[in-house]
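Novice: Got a structure for you, questions after.
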Amino acid sequence: MAYLELNHLRKVFGVTVAVESFSLDVERGEFVSFLGPSGCGKTTTLRMIAGFEQPTEGTICIDGEDVTNVPPNKRKLGMVFQSYALFPNMTVADNIAFGLRMAKLPGHLIWQRVEEMLALIQMPGYGNRYSHQLSGGQQQRVALARALAIQPRVLLLDEPLSALDAKIRDELRSEIRRIQQELHITTIYVTHDQEEALSLSDRIVVMNAGRIEQVGPPFEIYNRPRTEFVARFVGTLSTLHGTAGADGCVMIGGQPVRLAQPPADKLPGDAVTIALRPETIALDEVAPGHNRLTAQVEGVTFLGAIVRVQLSVNGATFVADALNNPNFSPPRAGETVTVSFSPEAARVVG
Amino acid sequence: MIGKRSFATQLFAWLILIFCAAYLIVPLVTQFDYSLRARRGEIGFTAYANVLSIPEPDKVLQVQTAPFKITLNLPRFYSSLLFSCLMAALTILVSTIIIVPTAYWVHLRVPKLRPVMEFFTVLPFAIPGIVLTFGLLRTYSGPPFSMTNTELGTVVLLVGGYTIAVMPYTYRSVDVGLRAIDIRTLTEAARSLGAGWPAIILQVIFPNLRVAILSAALLTFAIAIGEYTLANFLFPDERAFGSYLASVGNNKIFEPAALTIISFVLVWVLVLLIQRVGRGTGQTQMTGMR
């Protein structure tokens, strides 16, 4: 039996189905991210776990207890919000102590715990400050400490880094993972940022239009997407339109491309779409057994660590990423280059 | 060109400000000047002394301040002021207890009802005080309620009437306060931390609405202290300050002017006091634990 069980959750707002047939088992101490575009139902699912939304159908069990109809204040879950939601009338210490006071813990234990939490978020000495005296990153750390202070059964984070600037976001992301692993706390993290989900999670739940598209570890989600939506949403993806060849290969602009998994249900001449990740395309060398494509360089974008090259084959455009190498001059727009990729790198998506 | 326009705008703004200030200050100054001329050919505080001085023991009015049965030997100025202050305080308490949770609930759970609430809360502007008074008297002075038969019942009616009369100010003030904070997220944060509704309202919502509640309290106080219609019909013995002001105005010449200045100063002092107390309370709450 899993620690957190979501069984056939469904949520309907009026005539809109926000979440449909959502079932998921989360193990104790696991970090699971709900990833998807806006309106895909990830926050609604999180709010159902928190108790702020009542499921139209389905059940939620935590540690064997059915909490579907338990009010939020009795669920013993910690929640961190995008907008921090610190109580402006209270100091940092009072904010962290709030949940402990609600649990009617003795004063000395409350203050001991507050000190521990301040140390955990690396903000000792900030107890007497008010939220308006803190930066966004600091406020979110305090919100995290406040949620963790009550030793919740599950920690819920609703896009906690969205309101922060890039540098702070990166720092806090590492901080969240460190704390989660240190406390071994079961965590559900909602985000629309694939990088966040990929870097933080033990498993990712990719959602679209209220349904689960795929559940799996980040490596699997990125490298073996099961649907076109997952492939497109997670990472950068180029699609090339061609036709099915006679020997199981796909013809792209008159050039044959062999696939590890040829399109079984296509007859020769049928339209086929293949997908390629930019980083699987090599610009400078052709390994034995790899596909070759002669392509026209449309443009080159320097991204610092990466050089992104826009290519086209008979009007079909795609991109290739190469690591920046000071000894390697990237191609120029208008040049003709030969690129290569392994048969495993290309997947049929349509 | 821009500079000239900016100067003209500033000049216009200043003229408006000066006009408004004059509109408010000139009557007060003339009133004050008039109140100092109680004795022919002299400038002095005779009218003030007449209003404020404790009269001879046999002329002292005994007042039972309902509903607490406190017997005070005070001249009418002090007793009526005390009575009205008490009624104002009760009105602030009652309207805060009713309006804040109601407005909070509407914001949180049924935001679509906000326009309806706004409509109902401005009704007291449309209903004349005398209509409200007669409505209350007609409904509650006979069976089955008969509230005017007892001191306590009449006080309840008066405070109830004041609560309705100040509702437009109280509701609007609280509404603006609620719009300024993200109450939904704060409420959810508090609930996720184990707080029940009373704790959320008392420890999260009320403290964060302190300024709004204070503004509402100040307006309530200023209105209740000088209210005449309800007070005069419910307490015809001129127990309330508004009734006393009217009575002095009818029977004296210079004292009403002195009384106006005194009540003006008093209201301002009390307003400042409430503001000070409100700020102090907030600080205490915010530095709860170390």
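Novice: Can you report the number of residues in the range B:13-54 which are touching a residue at least 40 places away in the same chain (Cβ under 8 Å) and in a helix (DSSP H, G or I)?
Specialist: Here the count works out to 11.
Novice: I would also like to ask the following. Name the pairs whose Cβ atoms lie under 7 Å apart, with the first residue in the range A:124-147 and away from chain B (no Cβ under 14 Å), the second assigned to a loop (DSSP other than H, G, I, E, B), and 6 or more positions between them or separate chains?
Specialist: Cβ pairs passing all conditions: A:G136/A:A163; A:G136/A:L164; A:G137/A:L164; A:Q138/A:M123; A:R141/A:I121; A:R141/A:M123.
Novice: Something else about it: Here are some conditions: (1) at pLDDT below 95; (2) closer than 18 Å to B:E188 by Cβ; (3) within 8 Å of chain B (Cβ to nearest Cβ). A:Y84 meets all but one. Which one does it not meet?
Specialist: (3)
Novice: Got a number for residues in the range A:172-197 being farther than 19 Å from A:F81 by Cβ and surrounded by 19 or more Cβ atoms within 10 Å (Cβ to Cβ)?
Specialist: 1
Novice: For the range B:199-214, which positions are within 11 Å of another protein chain (Cβ to nearest Cβ) and not β-branched (V, I, T)?
Specialist: Result: B:A199, B:Q203, B:F206, B:P207, B:N208, B:L209, B:R210.
Novice: Which of the helices (runs of 4 or more DSSP H) contained wholly in the range B:118-226 include at least 3 residues that are among the hydroxyl-bearing types (S, T, Y)?
Specialist: On the way: elements: B:123-126, B:129-140, B:151-165, B:167-180, B:183-192, B:210-226.
Counting at least 3 such residues, we get B:129-140, B:151-165, B:167-180, B:183-192.
Novice: So, of the residues in the range A:198-221 that are crowded, with 22+ Cβ neighbours inside 10 Å and within 9 Å of the chain's Cα centre (by Cα), which turns out to be farthest from A:C61 (Cα to Cα)?
Specialist: A:L200
Novice: Let me ask you something else. Looking only at the range B:159-186, how many residues end up being more than 9 Å from chain A (Cβ to nearest Cβ) and over 28 Å from the mean Cα position of the chain (by Cα)?
Specialist: 1
Novice: Further question on the same structure: Which number in (1) in contact with a Pro (Cβ under 9 Å, 6 or more places away or on another chain); (2) facing chain B (nearest Cβ under 8 Å); (3) over 23 Å from A:F34 (Cβ atoms) marks the one condition that A:E115 misses?
Specialist: (2)
Novice: Just to verify a result, which residue in the range A:231-263, among those that are of a type in the set (A, V, I, L, M, F, W, C), touching a strand residue (DSSP E or B) at 6+ places or on another chain (Cβ under 9 Å) and assigned to a loop (DSSP other than H, G, I, E, B), is surrounded by the most Cβ atoms within 10 Å (Cβ to Cβ)? Working first, answer last.
Specialist: We begin by selecting, within the range A:231-263, every residue of a type in the set (A, V, I, L, M, F, W, C); these are A:231, A:233-234, A:237, A:240, A:244, A:246, A:249-252, A:257, A:259-260.
From what's left, touching a strand residue (DSSP E or B) at 6+ places or on another chain (Cβ under 9 Å): A:231, A:233-234, A:237, A:240, A:244, A:249-252, A:257, A:259-260.
With the extra rule that they be assigned to a loop (DSSP other than H, G, I, E, B), the set shrinks to A:234, A:237, A:249, A:259-260.
On the way: A:V234: 23, A:L237: 19, A:C249: 19, A:L259: 19, A:A260: 10.
The selected residue is A:V234.
Novice: Please go through (1) more than 15 Å from A:A197 (Cα to Cα); (2) assigned to a helix (DSSP H, G or I); (3) within 14 Å of chain B (Cβ to nearest Cβ) for A:T45 and return the number of the only condition it doesn't satisfy.
Specialist: (3)
Novice: For the range A:210-230, how many residues meet the condition of being polar (S, T, N, Q) and in a helix (DSSP H, G or I)?
Specialist: Narrowing the range A:210-230 to residues polar (S, T, N, Q): A:214, A:223, A:227.
Among the residues that remain, those that are also in a helix (DSSP H, G or I) are: A:223.
Going through the range A:210-230 one residue at a time, the tally reaches 1.
Novice: While we're here: Just checking, how many residues over the range A:167-200 are within 14 Å of A:L46 (Cβ to Cβ) and in a helix (DSSP H, G or I)?
Specialist: Residues in the range A:167-200 being within 14 Å of A:L46 (Cβ to Cβ) and in a helix (DSSP H, G or I): 1 in total.
Novice: Give the number of residues within the range A:23-42 that are crowded, with 21+ Cβ neighbours inside 10 Å and either modelled with pLDDT under 95 or not in a strand (DSSP E or B) (or both).
Specialist: Counting residues in the range A:23-42 that are crowded, with 21+ Cβ neighbours inside 10 Å and either modelled with pLDDT under 95 or not in a strand (DSSP E or B) (or both) gives 4.
The values are calculated or read from the model by the stated rules, or taken from the named source; none is laboratory data. What you see is a predicted model; the values in this text were computed from it and never measured. Neighbour counts run over all protein chains shown; Cβ positions are idealised from the backbone, glycine included.
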